[in-house]
Structures are given as structure tokens and as C-alpha cells.
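Since the structure comes first, as C-alpha cells, the remarks are kept for the end.
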């Protein structure tokens with residue numbers, strides 16, 4: 001029986017391509033760019049899985065095959081939910097432990113060692129799942145090993161666990177707002193060659209219950225069973241090309257998986273807990289509410305070939321499984337967004353035929369303007385009689401992730417967003433984050449899998465949610481995450497992280513809606529005072545806290561707070577609890593000088609292109625559709641993107657209802673409410689947007705006021721408005737209210753407008 005989670009302890013154990021003929025050669029980039037050198041010999045990965053958790057250690061071996069000292073720079077992925085808590089290097093027989101520092105301090109230490117001729121390593125986190133490893137003073141013929149370790153929780157649904165290890169950073173389409181695009185853009189080995197780096201991976205699996213099935217989705221593996229509930233899994237090829245994710249799925253009997261409440265306590269930092277609670281059984285079959293379905297397909301250059309065909313297969317099956325009372329539309333995006341129809345249409349045989357024809361004729365061209373597609377799919381006024389489901393198919397290969405998530409928060413209203421990651425090495429960080437912000441779910445569909453099972457799971461998740469409007473509270477507990485809790489759409493556990501100051505007993509109360517009725521579960525818990533070996537629980541809480549802070553950066557900007565405050569808060573959490581973040585880095589320095597004078601060339605380590613991705617510029621494409629306009633477009637040279645053939649639609653500007661403008665000179669934030677005339681005859685309609693008027697229950701709103709006097713704030717609160725934030729310069733308040741008070745509040749003379757912000 002799985003009654004507890006035990007995490008194994010750490011043990012040491014689109015740019016122009018250069019012409020690289022073999023792994024030992026170098027070639028110059030265009031003038032001013034770093035050289036390219038196949039300085040990574042290989043990576044070995046050791047994963048220890050126990051219960052719901054995993055401790056993963058990887059060792060990167062760098063080697064300099066050239067005749068002079070170099071600085072090697074390598075861009076690589078790690079899981080976006082991983083808590084990276086250790087780095088060290090081995091130079092010869094010497095081991096140097098990495099120290100976690102503020103990012104700028106770590107860089108200063110590294111640069112000083114680099115200039116002094118000392119071997120040094122710097123590990124930076126660029127995004128949730130993209131990291132940069134720099135090795136200074138790698139001398140001719142020398143080897144340096146870098147060891148990195150992290151902890152994470154496994155995915156679980158309906159008796160099946162999934163362990164993922166990403167192996168390559170896919171090519172990103174860089175929009176104008178992408179910060180530091182060079183930081184998330186590795187150098188790719190030219191087509192027809194390989195980087196020269198190999199990967200070896202081993203998984204020590206202790207499932208805690210009899211393993212009923214075990215499958216490696218994209219790699220051939222060797223499996224040795226050590227008993228009913230344990231196995232050793234290794235790649236069959238020890239020189240495997242690291243160009244696709246490693247995905248291991250294994251199933252155990254559902255009745256053998258139990259909920260767990262796990263604790264860790266340290267006198268200096270207090271106690272930490274992780275609760276993994278299995279949800280109640282899915283509701284019995286009821287009449288399924290009609291849906292408004294918007295299918296959005298990525299047609300960028302990275303989807304060329306097999307990815308687009310897989311996306312078509314998935315969308316065609318999703319269209320076929322719609323309910324009789326559903327309405328639907330199909331959108332495609334590349335440089336622009338194309339819509340099959342101006343608005344959703346009924347699910348009829350003729351409309352399905354037209355839509356299927358539209359999908360089958362789609363081609364790729366242009367850039368990946370995912371942000372435009374998000375706004376186009378979410379901004380139209382929803383059907384008040386149906387819940388809107390926006391279904392994205394994409395690999396997530398874009399740079400401006402934050403802006404995309406902000407727009408989902410702004411435009412979602414009551415819609416749910418489901419995201420299918422299409423490919424063998426998708427950007428899981430963005431795919432998962434889009435579904436989280438969209439109050440939906442996500443799933444990766446690899447090129448090796450049939451779409452049927454993914455379609456079946458989508459139908460199950462969208463039919464009748466298990467639990468909605470979840471809240472959690474407790475006595476003796478603090479900093480409970482995530483906040484807010486996501487809805488439970490399938491048989492996935494509710495995972496809650498938190499802290500406690502003093503050992504003893506506590507109580508956790510969960511409230512939500514189940515089968516349309518209030519649901520409550522109260523748990524008496526033991527808050528242990530033992531300082532045991534479960535310190536990964538502390539790291540997992542800290543990782544979640546950092547994610548929570550960064551995701552709430554949207555509200556930070558709306559409040560007019562400095563981004564420096566966010567940086568300071570994230571840095572404090574990361575340093576206190578010993579994990580990496582975008583603002584903290586690991587640095588390790590060998591004391592000996594190995595390169596007198598510190599003269600060296602900076603080289604980029606090439607990586608293999610993600611399997612299934614072909615970035616050859618799409619040829620000029622033209623198709624004349626009977627239901628749409630003829631479109632002809634050529635992909636720009638070197639574009640990591642694609643396009644659409646069909647009816648172009650006007651996409652609302654990617655601006656906020658509360659518009660934020662960052663001054664290039666000062667970085668200050670200013671804003672102004674969109675002007676709106678208010679007619680006295682119908683103040684409710686004039687002062688509210690469609691999302692507010694069509695909403696029910698408790699919702700998040702932005703209220704524009706004529707002034708922020710204590711009297712009006714008190715009046716709003718007396719009408720049930722709960723204040724979250726106040727923007728003095730804009731005369732705007734943000735918070736939640738019950739829609740039954742909307743007309744009463746809109747009638748107030750001091751209220752200028754009420755706009756949807758985010759569902760509560």
C-alpha cells in the first residue's frame with residue numbers, strides 16, 4: 001500500500017547554423033557570435049522513484065577537444081516543477097560543492113574566477129524549465145563533470161503514474177517582447193549531423209504496490225523486475241541521442257494508492273507538509289451540459305510534418321466526439337490567426353464536414369504568434385447558455401510566456417482552457433501553465449501515440465468536473481499552496497503544500513462543489529516535530545511558493561508595485577530554502593589556476609534538434625477553400641514558426657482593459673482605464689462588460705471609481721465586495737464579489753465601470 005511519500009536522498013554518484021562536420025570540429029558563427037564546440041561528451045541520469053516522488057541526479061561531462069582553453073556554454077532543460085537543490089563539479093579527483101548565491105553575485109564570482117584562470121561552473125535558471133551551464137577555463141584535453149540534483153512529484157491519474165525527463169530545449173519563436181532571447185535559444189546541430197553528446201538514463205522504481213504495466217513511450221528500454229512493486233529501467237542504447245523527452249508510465253491497482261500527509265520539521269525553519277488527497281469518485285452520469293468548443297491549432301514551422309499531422313488527427317477526433325447540443329469553431333495561428341467561421345456554429349453533420357475539410361487542408365508558414373491566438377479565442381462574447389471550452393494544440397515553442405499567461409488571466413472569464421502539447425519534446429512549462437491559468441487541464445500527445453486515448457480523456461474531463469470551487473483552510477497551518485486550488489476534472493490527486501510553526505496537531509478543511517452540492521472534508525493531522533530525512537518536502541513547498549509569486553506578478557504590476565519587490569521576495573525564499581530560481585544561481589570554483597592569464601574563447605555547445613521538428617522554411621503555400629478566402633504566404637527565412645491557410649480574422653489588440661505601459665527610460669508603470677460612456681438609462685449594461693454580465697457566483701472584478709475615499713470603499717465592502725488590491729493612481733480596486741450584488745454596485749454614482757478580472 002502507498003501510505004506515504006518518501007523521496008530518495010541525494011547521493012553523489014533560430015538562427016543560422018554553423019557548418020559542423022563532426023563532433024570534434026569548431027566553426028565560427030557570424031561575426032560577433034560565439035564559436036560552436038561539441039564540448040559536451042554526454043549526460044548520465046539516475047532517477048530514484050518512491051511512491052509519488054522522485055530524486056533525480058544528472059551528471060554532465062564536458063571535454064575540450066581543441067588546442068586552447070575555452071569557456072563552454074550549454075543550454076538544456078529540466079522539469080518546470082523541479083526543485084533544483086544541489087550542484088557540484090569534479091575536476092580530476094577534486095570535488096567542489098556549488099554554492100547558491102544571488103544571481104548577480106554568482107556571476108561576479110564566476111567572472112572573477114574565469115579571468116583569474118580558474119576552472120569554474122555557473123548554473124543559471126532562465127525560465128521554469130530552461131537552464132544555462134557555463135564552464136570556464138576548460139583546458140585542452142580536460143574533462144569536467146557537473147552534477148545537478150533535484151526533487152519533484154510524479155503525475156498521477158486513475159492508477160497510472162508518469163515520470164518525465166526532458167532532454168532538449170525546443171526552438172523558440174521570439175516575439176518582440178521576448179526578454180533575453182539568447183538565453184533560451186540553444187545552438188542546434190545542422191540537419192544530417194548530431195551534436196556528439198550521448199545520454200544514458202537509469203530509473204530505480206519502487207512503486208510501493210504491484211506494478212501492473214510499465215511503458216516507455218519514446219525510448220527502447222531494458223527492464224529488470226526486482227519484485228512485484230519494483231523495477232530497474234535503463235535505456236537500451238547507452239549512446240542514445242538526447243532529442244526527445246523520456247516518458248515512463250506505469251500503472252498500479254487503483255485501490256492500492258492511498259492519500260498521504262507528509263511532514264518535515266526543522267527548529268530553525270519550522271515545519272513543512274505535503275498533502276496528497278485522492279478526490280471522491282467521479283460523479284454519476286448526468287445530463288451533460290452543452291458546450292461552446294473552440295479548437296485552436298498551431299500551424300507554425302515547428303509543426304511541419306508529423307506534428308501537424310498528429311494535431312490534425314487529434315482535432316478531427318475531437319470534432320467527431322462533440323455532443324449533439326454543442327457549438328464549435330476552428331482557429332489556426334501562425335503570424336496571424338485564421339478562423340473557419342466568424343462565430344461558433346451548431347454541431348451538424350454538414351458543419352462537421354466543412355470543419356474536417358478545413359482541418360485536413362491546413363499547412364504551415366510564418367511565426368508562432370500564440371499570444372494573438374489566445375486573445376482571439378478568449379475575447380469574443382461567450383454563449384450565455386453554454387460553457388466555453390478552448391482547446392489548444394501546440395508545442396509551446398515561444399519566448400513570451402509571461403505575456404501569454406497574463407492574457408489568459410485577463411480574457412478567460414468563465415471559459416476553460418485545455419492544452420494538448422503536440423510533439424516529442426514540447427515546452428511543458430507553458431503547456432501546463434496555460435491550462436492552469438485557464439482552469440482546465442493539459443496533456444502531452446507524442447508523435448508515437450494514437451490520439452484516441454487523449455480524446456477519451458478530454459471527453460471525460462470536460463463532461464462533468466469532479467470538484468469545483470475548491471478552497472482549503474486550516475488551524476496551525478500557514479502559507480498553504482497553491483492558491484487558488486485548481487478544479488478537479490479527473491481522477492488526479494489534490495496536492496496541497498504548506499508550513500507550520502509548531503509541532504502538534506492540526507486540522508485541514510477542504511470545501512468545494514461536488515455533484516452540484518456543497519462538499520466538505522475535514523482532516524485531523526499530526527504536525528510532526530521530528531527532523532527526519534524528508535527535507536525534500538521543504539524544497540517542494542519553496543518551489544511552489546516561488547511559482548505562486550511569479551504567477552501573481554500580473555497582480556504585482558496592476559498594483560503598481562516594483563518588480564524589484566518580486567525579485568527580492570523570490571530571492572529570499574530561494575536562498576532560505578536552498579533551491580534555484582530565476583534570481584539565484586549555483587557557482588563552484590576550483591582554487592587552482594589552470595589557465596594563466598585567463599585567455600579563452602567562449603563556445604556554445606550544440607544540441608540535437610527536437611525529434612519530429614523540421615525548421616526548413618516552408619515553401620510558398622496557397623489553398624483556395626470553398627468556405628474561406630484564398631491565402632498565399634511564404635515563411636520568412638530562418639523563422640521558427642508557421643502559419644495558416646484560411647479566413648484571416650481581426651484579433652483584438654493584446655492590451656489590457658487596465659492598460660499597463662512600461663516607460664523604457666524609467667521602467668515605471670502607468671495606466672489608464674479605457675474610456676467608456678455611461679448612459680444614465682441603463683447603468684448596469686453601460687458600466688459592465690459581457691463577461692461580468694454573464695457571470696454567476698463569486699467572480700474577480702476590477703472596479704473603476706471616481707475616487708477612492710474611505711466612504712466609497714466602506715460602501716462597496718458593505719455590499720459584499722472583498723478588496724484584494726487598490727491602485728490609487730488609476731482609481732481602481734481589484735477583488736471579488738457575488739454577482740447578486742452587481743446591479744446594486746453598478747447603480748452607485750461613484751462607480752465608473754466594473755470589468756471582469758479573474759474568476760474567484
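Here are a few things to note about the model shown:
- Screening residue 79 on (1) out of contact with any strand residue (DSSP E or B) (no Cβ under 7 Å at 6 or more places or on another chain); (2) not in a helix (DSSP H, G or I) shows it passes everything except condition (1).
- With respect to the conditions (1) at pLDDT below 85; (2) closer than 21 Å to residue 437 by Cα; (3) in contact with a strand residue (DSSP E or B) (Cβ under 6 Å, 6 or more places away or on another chain), residue 697 falls short on a single one, namely (3).
- Only one of the listed residues (413, 440) is in contact with a helix residue (DSSP H, G or I) (Cβ under 9 Å, 6 or more places away or on another chain), surrounded by 24 or more Cβ atoms within 10 Å (Cβ to Cβ) and over 22 Å from residue 173 (Cβ atoms). That residue is 440.
- Checking 518, 503 one by one, the residue that is modelled with pLDDT of 90 or more, in the same structural domain as residue 551 (by TED's automatic domain parsing) and surrounded by 13 or more Cβ atoms within 10 Å (Cβ to Cβ) is 503 and no other.
- Qualifying residue in segment 84-96 (condition: assigned to a strand (DSSP E or B), within 22 Å of the chain's Cα centre (by Cα) and surrounded by fewer than 20 Cβ atoms within 10 Å (Cβ to Cβ)): no
- Flag for residue 279 being at pLDDT below 95 and not assigned by TED's automatic domain parsing to the domain that holds residue 393: yes
For (1) part of a strand (DSSP E or B); (2) modelled with pLDDT of 95 or more; (3) surrounded by 14 or more Cβ atoms within 10 Å (Cβ to Cβ); (4) in the same structural domain as residue 40 (by TED's automatic domain parsing), each residue gets a yes or a no:
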site	(1), (2), (3), (4)
209	no, no, yes, no
222	yes, yes, no, no
226	yes, no, no, no
231	yes, yes, yes, no
234	yes, yes, yes, no
238	no, no, no, no
244	no, no, yes, no
248	yes, yes, yes, no
255	no, no, no, no
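- Residue check, residue 434 crowded, with 22+ Cβ neighbours inside 10 Å, more than 15 Å from residue 170 (Cβ to Cβ) and at pLDDT below 90: no
- Residue 150 vs. criteria at pLDDT 95 or above, under 27 Å from residue 401 (Cβ atoms) and not in a strand (DSSP E or B): no
- Residue 718 being at pLDDT below 85 and not assigned by TED's automatic domain parsing to the domain that holds residue 437: no
- Yes/no for residue 444 being assigned to a helix (DSSP H, G or I) and either in the same structural domain as residue 322 (by TED's automatic domain parsing) or at pLDDT below 90 (or both): no
- Taken together, 570, 603 contain a single residue that is surrounded by 16 or more Cβ atoms within 10 Å (Cβ to Cβ), not in a loop (DSSP other than H, G, I, E, B) and not assigned by TED's automatic domain parsing to the domain that holds residue 90, which is 570.
The values are calculated or read from the model by the stated rules, or taken from the named source; none is laboratory data. Source: prediction; values computed, not measured. Reconstructed Cβ throughout: ideal geometry from the backbone, glycine too, with neighbour counts over all protein chains shown.
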